[in-house]
1. Filter region 28-48 for residues that are modelled with pLDDT of 50 or more and not in a strand (DSSP E or B) and give the result.
2. Please go through region 146-169 and pick out each residue that is more than 30 Å from residue 68 (Cβ to Cβ) and either touching a residue at least 24 places away in the same chain (Cβ under 8 Å) or in a strand (DSSP E or B) (or both).
3. Which count do you get for residues in region 116-145 that are outside any loop (DSSP other than H, G, I, E, B), more than 15 Å from residue 34 (Cα to Cα) and out of contact with any helix residue (DSSP H, G or I) (no Cβ under 9 Å at 6 or more places or on another chain)?
4. Going through 91, 76, 112 one at a time, which residue ends up being closer than 20 Å to residue 148 by Cα and in a strand (DSSP E or B)?
5. Got a sec? Which of 25, 20 is more than 20 Å from residue 163 (Cβ to Cβ), at pLDDT below 50 and under 17 Å from the mean Cα position of the chain (by Cα)?
(Lines give C-alpha, C1' and ligand atoms only; values in the text may rest on other atoms or scores of the structure.)
Protein backbone atom coordinates (compact mmCIF):
# COMPACT_ATOMS: atom_id res chain seq x y z
CA UNK A 1 0.00 0.00 0.00
CA UNK A 2 2.84 2.35 0.85
CA UNK A 3 4.51 1.51 -2.49
CA UNK A 4 1.30 2.39 -4.37
CA UNK A 5 1.15 5.80 -2.66
CA UNK A 6 4.77 6.43 -3.60
CA UNK A 7 4.04 5.49 -7.24
CA UNK A 8 1.01 7.80 -7.35
CA UNK A 9 3.03 10.60 -5.73
CA UNK A 10 5.94 10.07 -8.13
CA UNK A 11 3.57 9.99 -11.12
CA UNK A 12 1.92 13.20 -9.93
CA UNK A 13 5.28 14.92 -9.50
CA UNK A 14 6.37 13.85 -12.98
CA UNK A 15 3.11 15.13 -14.50
CA UNK A 16 3.40 18.40 -12.56
CA UNK A 17 7.01 18.78 -13.67
CA UNK A 18 5.99 18.30 -17.30
CA UNK A 19 3.29 20.98 -16.98
CA UNK A 20 5.56 23.37 -15.12
CA UNK A 21 8.16 23.00 -17.85
CA UNK A 22 5.68 23.77 -20.65
CA UNK A 23 6.83 26.59 -22.87
CA UNK A 24 4.60 29.64 -23.35
CA UNK A 25 4.15 28.71 -27.02
CA UNK A 26 2.65 25.40 -25.93
CA UNK A 27 0.55 27.04 -23.23
CA UNK A 28 -1.21 29.84 -25.13
CA UNK A 29 0.60 31.33 -28.13
CA UNK A 30 -0.56 29.38 -31.16
CA UNK A 31 -0.79 29.93 -34.89
CA UNK A 32 0.16 33.33 -36.21
CA UNK A 33 -1.15 36.87 -36.09
CA UNK A 34 -0.94 40.07 -38.14
CA UNK A 35 0.38 43.01 -36.14
CA UNK A 36 0.50 46.76 -36.48
CA UNK A 37 2.82 48.53 -34.05
CA UNK A 38 3.14 52.23 -33.40
CA UNK A 39 6.62 53.60 -32.74
CA UNK A 40 6.41 56.86 -30.73
CA UNK A 41 8.13 60.05 -31.75
CA UNK A 42 10.04 60.77 -28.54
CA UNK A 43 12.43 63.01 -30.37
CA UNK A 44 12.45 66.36 -32.12
CA UNK A 45 13.64 67.17 -35.61
CA UNK A 46 15.95 70.14 -36.12
CA UNK A 47 17.41 71.82 -33.07
CA UNK A 48 17.29 70.45 -29.54
CA UNK A 49 14.26 71.79 -27.67
CA UNK A 50 15.11 73.58 -24.43
CA UNK A 51 13.02 74.31 -21.36
CA UNK A 52 14.18 76.88 -18.79
CA UNK A 53 17.73 76.81 -20.17
CA UNK A 54 18.17 73.03 -19.94
CA UNK A 55 17.46 70.22 -22.35
CA UNK A 56 14.57 67.82 -21.93
CA UNK A 57 15.08 64.59 -19.95
CA UNK A 58 16.60 61.41 -21.37
CA UNK A 59 13.59 60.27 -23.39
CA UNK A 60 13.62 63.10 -25.93
CA UNK A 61 16.30 62.69 -28.58
CA UNK A 62 17.60 64.98 -31.23
CA UNK A 63 17.17 63.75 -34.78
CA UNK A 64 19.87 65.53 -36.77
CA UNK A 65 19.50 65.92 -40.52
CA UNK A 66 20.09 62.51 -42.06
CA UNK A 67 19.16 60.53 -38.91
CA UNK A 68 16.77 57.63 -39.58
CA UNK A 69 14.11 56.46 -37.10
CA UNK A 70 11.31 53.86 -37.27
CA UNK A 71 7.76 55.22 -37.20
CA UNK A 72 5.53 52.12 -37.54
CA UNK A 73 5.69 48.40 -38.14
CA UNK A 74 3.52 45.87 -39.98
CA UNK A 75 4.36 42.28 -39.05
CA UNK A 76 3.38 38.64 -38.86
CA UNK A 77 4.26 36.81 -35.65
CA UNK A 78 4.39 33.06 -36.28
CA UNK A 79 4.09 31.46 -32.85
CA UNK A 80 4.19 27.92 -34.28
CA UNK A 81 7.67 28.46 -35.77
CA UNK A 82 8.86 31.20 -33.34
CA UNK A 83 9.61 33.67 -36.15
CA UNK A 84 8.76 37.27 -36.89
CA UNK A 85 8.51 38.86 -40.35
CA UNK A 86 8.03 42.60 -40.66
CA UNK A 87 8.15 45.80 -42.68
CA UNK A 88 9.37 48.81 -40.68
CA UNK A 89 8.53 52.25 -42.06
CA UNK A 90 11.36 54.68 -41.37
CA UNK A 91 11.77 58.44 -41.66
CA UNK A 92 15.08 60.12 -42.45
CA UNK A 93 15.19 63.65 -41.07
CA UNK A 94 15.44 66.43 -43.60
CA UNK A 95 17.28 69.71 -43.07
CA UNK A 96 15.43 73.01 -42.84
CA UNK A 97 18.68 74.91 -43.48
CA UNK A 98 18.98 73.34 -46.93
CA UNK A 99 15.23 73.01 -47.52
CA UNK A 100 15.54 69.20 -47.63
CA UNK A 101 12.33 67.37 -46.76
CA UNK A 102 12.03 64.24 -44.63
CA UNK A 103 12.18 61.04 -46.67
CA UNK A 104 10.58 57.68 -45.96
CA UNK A 105 11.71 54.11 -46.58
CA UNK A 106 10.82 50.56 -45.59
CA UNK A 107 13.11 47.96 -44.03
CA UNK A 108 11.77 44.41 -44.41
CA UNK A 109 12.89 41.24 -42.63
CA UNK A 110 11.57 37.68 -42.79
CA UNK A 111 11.96 34.72 -40.47
CA UNK A 112 13.61 36.55 -37.57
CA UNK A 113 13.75 33.95 -34.74
CA UNK A 114 12.44 34.75 -31.27
CA UNK A 115 12.26 33.07 -27.89
CA UNK A 116 9.26 33.22 -25.59
CA UNK A 117 8.92 33.23 -21.83
CA UNK A 118 6.36 34.09 -19.17
CA UNK A 119 5.43 37.78 -19.30
CA UNK A 120 5.19 40.47 -16.62
CA UNK A 121 1.53 39.78 -15.73
CA UNK A 122 -0.50 36.59 -15.37
CA UNK A 123 -1.45 35.17 -18.76
CA UNK A 124 1.06 37.27 -20.70
CA UNK A 125 4.21 36.28 -22.55
CA UNK A 126 7.41 38.02 -23.58
CA UNK A 127 8.98 37.36 -26.96
CA UNK A 128 12.61 38.41 -27.40
CA UNK A 129 14.47 38.76 -30.69
CA UNK A 130 17.41 40.61 -32.19
CA UNK A 131 16.62 42.45 -35.42
CA UNK A 132 19.22 41.74 -38.13
CA UNK A 133 21.98 44.34 -37.91
CA UNK A 134 21.02 45.36 -34.37
CA UNK A 135 23.45 45.11 -31.48
CA UNK A 136 20.82 44.59 -28.78
CA UNK A 137 17.84 42.30 -28.33
CA UNK A 138 14.30 43.69 -28.28
CA UNK A 139 11.37 42.37 -26.25
CA UNK A 140 7.63 42.56 -26.78
CA UNK A 141 5.06 41.67 -24.14
CA UNK A 142 2.10 39.77 -25.60
CA UNK A 143 -1.30 39.43 -23.88
CA UNK A 144 -3.85 37.09 -25.52
CA UNK A 145 -7.42 38.44 -25.32
CA UNK A 146 -10.70 37.76 -27.15
CA UNK A 147 -10.38 33.97 -26.73
CA UNK A 148 -6.86 34.08 -28.18
CA UNK A 149 -7.97 35.76 -31.41
CA UNK A 150 -6.34 39.08 -30.52
CA UNK A 151 -3.03 39.88 -28.83
CA UNK A 152 -2.25 43.18 -27.15
CA UNK A 153 1.39 44.12 -27.71
CA UNK A 154 3.65 46.33 -25.59
CA UNK A 155 7.39 46.80 -25.54
CA UNK A 156 10.33 49.14 -25.75
CA UNK A 157 12.77 50.00 -28.48
CA UNK A 158 16.09 51.62 -27.66
CA UNK A 159 16.00 55.34 -28.29
CA UNK A 160 12.33 55.69 -29.24
CA UNK A 161 10.74 54.47 -26.01
CA UNK A 162 7.53 52.51 -25.56
CA UNK A 163 5.83 50.58 -28.37
CA UNK A 164 2.14 49.64 -28.50
CA UNK A 165 0.10 47.63 -30.94
CA UNK A 166 -2.40 44.89 -31.69
CA UNK A 167 -1.93 41.51 -33.36
CA UNK A 168 -4.98 39.75 -34.83
CA UNK A 169 -5.05 35.98 -35.38
CA UNK A 170 -4.67 35.01 -39.05
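1. 28, 29, 30, 31, 39, 40, 41, 42
2. 148, 150, 169
3. Within region 116-145, residues that are outside any loop (DSSP other than H, G, I, E, B), more than 15 Å from residue 34 (Cα to Cα) and out of contact with any helix residue (DSSP H, G or I) (no Cβ under 9 Å at 6 or more places or on another chain) number 5.
4. 76
5. Of the residues listed, the single one that is more than 20 Å from residue 163 (Cβ to Cβ), at pLDDT below 50 and under 17 Å from the mean Cα position of the chain (by Cα) is 25.
Conditions (1) at pLDDT 95 or above; (2) surrounded by fewer than 17 Cβ atoms within 10 Å (Cβ to Cβ); (3) more than 18 Å from residue 72 (Cβ to Cβ), marked per residue:
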site: 92; (1), (2), (3): no, yes, no
site: 105; (1), (2), (3): no, yes, no
site: 114; (1), (2), (3): yes, no, yes
site: 147; (1), (2), (3): no, yes, yes
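The values are calculated or read from the model by the stated rules, or taken from the named source; none is laboratory data. Remember, predicted model here, so these are calculated numbers, not experimental data. Don't worry about glycine lacking a Cβ; one is built from the backbone with ideal geometry, like all the others, and counts go over all protein chains shown.
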